[in-house]
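Here's the structure, in structure tokens; my notes come after.
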Amino acid sequence: MGSRTGARRAAAALGCAGLLCAVLGAVMVVMVPSLIKQQVLKNVRIDPSSLSFDMWKQIPVPFYLSVYFFHVLNPNEVLQGGKPQVQERGPYVYREFRHKSNITFNDNDTVSFLEYRSFQFQPHKSRGLESDYIVIPNILVMSAAMMMEDRPMSLKLMMTLAFTTLGERAFMNRTVGEIMWGYEDPLMNLINKYFPNMFPFKGKFGLFAELNNSNSGLFTVFTGVKDFSRIHLVDKWNGLSKVSFWHSDQCNMINGTAGQMWAPFMSPESSLEFYSPEACRSMKLVYKEAALFEGIPTYRFVAPSTLFANGSVYPPNEGFCPCRESGIQNVSTCRFSAPLFLSHPHFYNADPVLAEAVAGLHPNPEEHALFLDIHPVTGIPMNCSVKLQLSLYMKAVRGIGQTGSIQPVVLPLLWFGESGAMEGKTLQSFYSQLVLLPKVLHYAQYVLLALGCVLLLVPIVYQIRSQGCKDAVSSPSLAAQPEQLPGPRTPLLQESPRTAPSPRA
């Protein structure tokens, strides 16, 4: 009797535990998605209390700038009208350091900041030294020549004389360090003396001189603390809501984020839009595929084929014109009127005639396509590689002898890739708090629900079996009936004994 009572109590206890697990699992099914969303929103907004604030303030991910130069092999032939032949040199790799300063939280749910960048050469990651010499077009000479194309012949002859006096030529042989960070040039000094606001450079001219130890302008972005729907979106850049470099309101719009974080809870229908001060425009990337980065689910976003398309191929880009072949963007209006063009490396995704006009170019998506891998739940980049090319449009200008007989060509100067991937303690912390913990909670709710259902079956099964035993005990049993001894069978119907006939009276 005592064992039955103990079993009954154990079954009841398991049933109560099952009910508790089932209720807890059901509550988690309802509440966990909401709790995860609240936790993500709390930790991705720009607020000193959020988990990602320190990451936003000073990017812990090691970024690298890899630069490839197009060394011109036949400059004399090009001057005589021949086809340019180039050789890719590099990469010359620089470690890129970024940090934000002058961080000011405003009353309208925005924060303003300056982001400073500095670069350090990494010889062990590079294929060459900063002392390597590269032959490339003389940007100052060719740009000045193009600006004088429609000026009177007398001015052109004066410029030719000035170039000759200063020893300037159409091509120059400079070191990587000089091309990157600046070199003394008498023409630069002359221009700064008589046209002080023509170039942003003072003293030295270099393609990346204005990027090192400098900021990319004053950004004001929404924090998402009061209005989550606008989180990370740019409100103003240098106090402007739109720029004035281009010829349409749509092209001048400052759209998207500052290019470091995006709104969480993405879907394949989402796009990545950001404003790039270096390109002087907003850019939009599109979803390509879902993938994994170090066990973390990501969405890969890539550049659409229309990113640098000209206005005839993609009408919304008409505002970036005057245009040339599709696949290159004229950035002269925001680059001191120099005939510079932005594109993908080796003219990837551009009109084939551009690559065919220069020997030594081999565009392919594996090496020259850009991408960003984003964690869709948080909107934080996990792995990125942004690749762009800078080219110079050059041709012979009648009246300026230094341009010789150069045939019109868009000649690549260099291409660069900015890459970075989350790693080390930052990756481990991100994985454990924003990936592993939500995943554990997600599976725990269903485990508790299933365990609760199983435990609830225990008292039910016990009750059914107990009831079956009781019925068996209370019903008649063959073993309880008296045993019959073997013997002759008794007829079912026995004949009545016959009585003798009574005597007749």
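Measure off, as a whole percent, the carbon and sulfur share of the 1.4 Å-probe accessible area of region 209-298, all protein chains present. It is 50 percent, rounded to a whole number. By the gyration tensor of its Cα atoms, with a ≥ b ≥ c the square roots of the eigenvalues, what is the shape of region 126-228: rounded for a/c under 1.5, prolate for a/b over b/c, or oblate? The shape class here is oblate.
Reducing region 268-304 and region 337-397 to their Cα centroids gives an inter-centroid distance of 15 Å.
Between S405 and S305, full extension at 0.36 nm per residue minus the direct alpha carbon distance yields a gain of 32.6 nm.
Taking a ≥ b ≥ c as the square roots of the Cα gyration tensor eigenvalues, region 161-284 comes out prolate, since a/c reaches at least 1.5 and a/b is larger than b/c. Considering only alpha-carbon pairs that sit under 8 angstrom and 6 or more positions apart, the relative contact order computed for region 62-192 is 21 percent.
Ranked by the mean number of other Cβ atoms within 10 Å of their residues, highest first, the peptides 336-348, 102-114 fall in the order 336-348, 102-114.
Solvent-accessible area of region 407-455 (1.4 angstrom probe, protein heavy atoms only): carbon and sulfur portion equals 69 percent. Write out the GluC sites (Glu not before Pro) in region 236-335 meeting two conditions: DSSP loop, and at most 10 other Cβ atoms within 10 Å of their Cβ. For GluC sites (Glu not before Pro) across region 236-335 that sit outside H, G, I, E and B with at most 10 neighbouring Cβ atoms in 10 Å, the list reads E269. Only protein atoms count toward the accessible area here, which uses a 1.4 Å probe; on region 25-123, the carbon and sulfur part of that area reaches 50 percent. Placing pseudo-labels 7 Å out from each Cα toward the beta carbon at M153 and S34 gives an inter-label distance of 8.3 nm.
Per residue, the convex hull spanned by the alpha carbons of region 252-375 comes to 126 Å³. Between R95 and L19, the FRET efficiency from the beta-carbon distance, with R0 = 60 Å, is close to 0.55.
If you sort the three axes of the alpha carbon gyration tensor as a ≥ b ≥ c, you get a/c of 1.5 or more for region 297-449 and a/b above b/c, which makes it prolate. Counted residue by residue at 0.36 nm each, then reduced by the alpha carbon distance between them, the extension gain from K125 to Q250 reaches 40.9 nm. The modelled label-to-label distance for the pair Y133/E269, using points 7 Å beyond Cα in the direction of Cβ, is 6.0 nm. Compute the FRET efficiency between L451 and E294 as 1/(1 + (r/R0)^6), taking r as their Cβ-Cβ distance and R0 = 45 Å, and round to the nearest 0.05. Efficiency at R0 = 45 Å is approximately 0.90. So for region 265-318, Kirkwood radius off the Cα pairs, Stokes-Einstein at 4 °C and 1.567 mPa s: how many µm² s⁻¹? For these conditions, the coefficient is 101 µm²/s. Computed extension gain for E184 through A162, at 0.36 nm per residue and net of the alpha carbon distance, reaches 6.2 nm. Rounded to the nearest 0.05, the FRET efficiency derived from the C-beta distance between N173 and S432 at R0 = 56 Å is 0.60.
The values are calculated or read from the model by the stated rules, or taken from the named source; none is laboratory data. The structure displayed is predicted, hence computed values, not measured ones. Reconstructed Cβ throughout: ideal geometry from the backbone, glycine too, with neighbour counts over all protein chains shown. Surface areas here come from the heavy atoms of the whole protein model, side chains and all, with no ligands, DNA or RNA. Shrake-Rupley method; radii C 1.70, N 1.55, O 1.52, S 1.80 Å.
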